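Worksheet for the structure shown next.
Every read-out reported here was derived from the displayed coordinates using simple, explicitly stated rules and does not represent laboratory data. Just so you know, these numbers come straight off a predicted model, no measurement behind them. Because the Cβ atoms are built from the backbone with ideal geometry, glycine has one as well, and the counts that use them run over all protein chains shown.
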Amino acid sequence: MTKTVIAARLVPARWFRFAVFLLVAGGLAMAGSPSRAFDQPFPAVNPDSGNPQAIKEGAKLFYKWCAACHGVHADGVSRFGSYAANLTNFWRGYCNFVVIVLNGRTKKQMPPWGGILDEEEIQKIGAFLETKGSEKAKWKGKCAPYLSR
């Protein structure tokens, strides 16, 4: 057999291995992609939304833990100035609210509250803040992939 015939027989096998490699590598690359489907860590709607007892307890928790920075009206204006987020215009949805409170946004001076507040307490604070929301507020919605990591 000549060298050309042997090379011709090996080429299809090499192409097949190369194609398999590309499929596997592409699949692994997509696994870390923010556009892939992922499980929502928290519900899109606050289970305590509209619950009078939860709203009352949430108000107490808000004034204890949040009002120093976000202000007594949750508008981002406190005795320190207006550097915190205006929660009356919160637009990220309930799921993102829980993720942000638990993990913080340290680049925006928001400390993480996970370990201090549990999910049930955050849920009650969210129920209270919904009552303070303006027409611009959006409290229903799924988590953004980049926030839930």
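Give the residues of the range 108-136 that are over 16 Å from D48 (Cβ atoms) and not basic (K, R), sorted by residue number. Selection gives Q109, M110, P111, P112, W113, G114, G115, I116, S134, E135.
Residue by residue, here is whether (1) closer than 24 Å to P41 by Cα; (2) buried (at least 16 other Cβ atoms within 10 Å of the Cβ) holds:
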site: F80; (1), (2): no, no
site: Y83; (1), (2): no, no
site: W91; (1), (2): yes, no
site: L102; (1), (2): yes, yes
site: P111; (1), (2): yes, no
site: I116; (1), (2): yes, no
site: I122; (1), (2): yes, yes
site: S134; (1), (2): no, no
site: C143; (1), (2): yes, yes
